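The values are calculated or read from the model by the stated rules, or taken from the named source; none is laboratory data. Here the structure is a predicted model, which is why all the values come from computation and not from measurement. Virtual Cβ from ideal backbone geometry, glycine too; neighbours counted across all protein chains shown.
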Amino acid sequence: MDNQLAIDPWTNWERITAVSFPEAKSLAQAFLVNPGLFTKHVFTNGLILVRNIFSDYIYPLVANFGFSRLLLAAVAGLYLVKIANNIIGGWRKVTPKAARLASVRRRREFFGIATVVFLAPVILGCVIAAPRDHYVVVIVFLLFCLIALLVEKFQKLDHPLLLPAAGVAVLVVAPVIPVNPQETLSVVRQLQAAAPHTTVMLEIDGGWCAYLKPPCESIWATNYAADSEFQSFLYEKKIDSIFVSPRLLEYAPIASDPHFRELISGPQKFA
């Protein structure tokens, strides 16, 4: 993802892997075909994952917040740890297997192993595929759970006013969060207004039909065979709308088709 490719790697992955890992049909085969590049890919993704966690969750606190903001971060962090600890405590009460454990240590080990089991495949997905934002969020939450398990080892101090005081501190110190442009929401509203009767949509982004009422049927552009006729494909799948996104315009099998180019150059002629 950091190589600044001229094509979208998510939709043109076959062309990319054919160059670097020819004839590989699995991860094991990819490693055997080109172990150096495979290792470099995994190592690079690992560095990107660490960088994303730091840049998205740590650096903004350190760079943009003063002392009061750092105090907020500390209070909020402890508050989140306390919440995670309570959640884990709740799991301990309702989980029959945990309830049968003989000691607090064994219960802690059980939840520690369970958290690592959840954490491991997410990290593997990040380093093998790509550290996408929604994976990083899951990793950060599970890391908070591990921190909560470590905090549980410390001696507990019963201060009933601690959480209310922390809540007041957050209320006083919390900054006003700016409103970010909601581009996806704008697209969804335009889509709902412009295509209320869409039944079958050709798209490549991953589920625009879900935002329509009633939802339409998505036909994925990646299912289009490059050696077939695009117009026949539209008729065969009964496609009545096409979501023309930047990714679709970069998907070579469709973007290079003459009929598709004619469609997007003058869609009114085909209405």
Within region 213-254, residues being under 22 Å from Ile16 (Cα atoms), among the aliphatic types (A, V, I, L, M) and modelled with pLDDT of 85 or more number 4
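Yes/no matrix, rows are residues, columns are (1) in a helix (DSSP H, G or I); (2) modelled with pLDDT under 85; (3) out of contact with any strand residue (DSSP E or B) (no Cβ under 7 Å at 6 or more places or on another chain):
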residue: Met1; (1), (2), (3): no, yes, yes
residue: Leu5; (1), (2), (3): no, yes, yes
residue: Arg15; (1), (2), (3): yes, yes, yes
residue: Ala18; (1), (2), (3): yes, yes, yes
residue: Gly36; (1), (2), (3): yes, no, yes
residue: His41; (1), (2), (3): yes, no, yes
residue: Thr44; (1), (2), (3): yes, no, yes
residue: Val62; (1), (2), (3): yes, yes, yes
Using beta carbons and a limit of 7 Å, which pairs, at least six apart or on different chains, have the first residue in region 170-190 and among the β-branched types (Val, Ile, Thr) and the second one modelled with pLDDT of 75 or more? Val188/Tyr211
Name the residue that is nearest to Leu191 (Cα to Cα), counting only residues in region 228-258 that are in a loop (DSSP other than H, G, I, E, B) and among the aliphatic types (A, V, I, L, M). Val244
Residue in region 172-189 that is under 19 Å from Ile242 (Cα atoms), modelled with pLDDT of 85 or more, basic (Lys, Arg) and out of contact with any strand residue (DSSP E or B) (no Cβ under 9 Å at 6 or more places or on another chain) present: yes
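Yes/no matrix, rows are residues, columns are (1) free of Cβ contacts under 8 Å to residues at least 40 places away in the same chain; (2) of a type in the set (Phe, Trp, Tyr); (3) buried (at least 19 other Cβ atoms within 10 Å of the Cβ):
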{"site": "Gly206", "(1), (2), (3)": "yes, no, no"}
{"site": "Lys213", "(1), (2), (3)": "yes, no, no"}
{"site": "Asp227", "(1), (2), (3)": "yes, no, no"}
{"site": "Tyr235", "(1), (2), (3)": "yes, yes, no"}
{"site": "Tyr251", "(1), (2), (3)": "no, yes, yes"}
{"site": "Phe260", "(1), (2), (3)": "yes, yes, yes"}
For Leu80, which of the numbered conditions (1) at pLDDT 60 or above; (2) closer than 29 Å to Asn45 by Cβ fails to hold? (1)
Meets criteria (assigned to a loop (DSSP other than H, G, I, E, B), surrounded by 14 or more Cβ atoms within 10 Å (Cβ to Cβ) and of a type in the set (A, V, I, L, M, F, W, C)) for Ile219: no
